[in-house]
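Worksheet: the structure to be examined is printed underneath.
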Amino acid sequence: MISRIVIGDPAHPDLTIERATIEIEPRFGFPAIGRVTLVRPRLHGTWTDAGLSFGSLDKVLFGGERTEPFRLPDMNVAVIDARARVDGDHGPIDVKLAGRGALRDGFAGTLAATAPRLAFGTCAAEAASLTGRIVVTREQPRFSGPVRLAVLDCAEQGLTLRGAGINVDGTADKTLDGGGAKLEIFSKTITYGSNRARGLNGTIEAAYRKGGLTARYDVLGRGGGRRPAGLGALAA
């Protein structure tokens, strides 16, 4: 057991862990590492237009050239009350994670994130939150749960959503460089230019692979006396 782990500047650490426990499994020959338990890890990062950074951890997380496709570590872990704070150009994000199991097959836990305000380009979201369950099966992480936004305002596009939400069911590829998701979207009110509706409902099935996004959507605007959004498909 190792206690009070600090990585980075002690005054402003990139990572602290209250306690880490490594279980050793006896085997013939060399013993093997069993479960690794992390108690109350605290991670701090920044997210700017230059990218995501976790300070002194970047060399471990992002450094080096890969000769083989990425794989999740072959480890059994237990994460107890993990938290992360990401600050930067787009707004602060607080994340919580708890779970346990084999990272390549069997890990299960809960994930939550909140952001009072997020800004991307000409769009801004207020009171954004995400809560859900994350599981890993055959090296593929899957997240299911709702994303909620009090307000989404895209001034340049003339689009405003209030009381918006997205029920997400998404699975990442083994290499974590792509994946697919089904999204169920809804909102209380929507304004687009001079058009206004009492709400929006719909589904989107999307996939991102090899730098390309494909999506099929079925979206309907409720009320307002305007022609509802129709059916369609999008490829980019």
Would you please classify the overall shape of segment 44-129 from the alpha carbon gyration tensor, given that a ≥ b ≥ c denote the square roots of the eigenvalues, rounded means a/c under 1.5, and beyond that prolate means a/b larger than b/c while oblate covers the rest?
oblate
I want the local charge near THR131. Using Cβ-Cβ distances under 10 Å, sum +1 for each Lys or Arg and -1 for each Asp or Glu among the other residues.
+3
Under a Cβ-Cβ cut-off of 12 Å, what is the net charge of the residues other than PRO146 that fall near it, where Lys and Arg count +1 and Asp and Glu count -1?
0
For LYS210, give me every one of the lysines with a C-alpha distance below 28 angstrom, ignoring sequence neighbours fewer than eight places off in its own chain.
LYS59, LYS174, LYS182
Please name whichever of SER53, PRO146, LEU159 sits farthest to the positive end of the charge dipole of segment 2-177, dipole taken about the Cα centre and charges placed at Cβ: Lys and Arg +1, Asp and Glu -1.
PRO146
Using r as the Cβ-Cβ distance of ASP58 and GLU205, and R0 as 30 Å, what FRET efficiency do you calculate, to the nearest 0.05?
0.30
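When the dipole is taken about the Cα centre of segment 1-51, and only Lys, Arg (+1) and Asp, Glu (-1) are charged at their Cβ, what size is it in debye, to the nearest 20? Write out the running numbers ahead of the final one.
Values: 6 positive and 6 negative charges, 54 e Å.
Computed about the Cα centre, the dipole is about 260 debye.
What is the sum of charges, Lys and Arg at +1 and Asp and Glu at -1, for the other residues whose Cβ falls under 12 Å from the Cβ of ASN201?
Details: positive: LYS188, ARG198, ARG222; negative: GLU184, ASP218.
With Lys, Arg at +1 and Asp, Glu at -1, the neighbours total +1.
Just how large is the dipole of the chain about the Cα centre, in debye to the nearest 20, putting +1 at every Lys and Arg Cβ and -1 at every Asp and Glu Cβ? Can you show the working numbers first?
Numbers: 31 positive and 25 negative charges, 174 e Å.
Rounded to the nearest 20 debye, it is 840 debye.
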Yeah, the chain with a ≥ b ≥ c from its alpha-carbon gyration tensor (a/c under 1.5 is rounded, else prolate when a/b outruns b/c, oblate otherwise) is prolate
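Values quoted throughout were computed directly from the atomic coordinates according to the rules given, and no laboratory measurement underlies them. All values derive from a computational prediction rather than experimental measurement. Methodologically, a virtual Cβ is constructed for each residue, glycine included, from the backbone with ideal geometry; neighbour enumeration extends over all protein chains shown.
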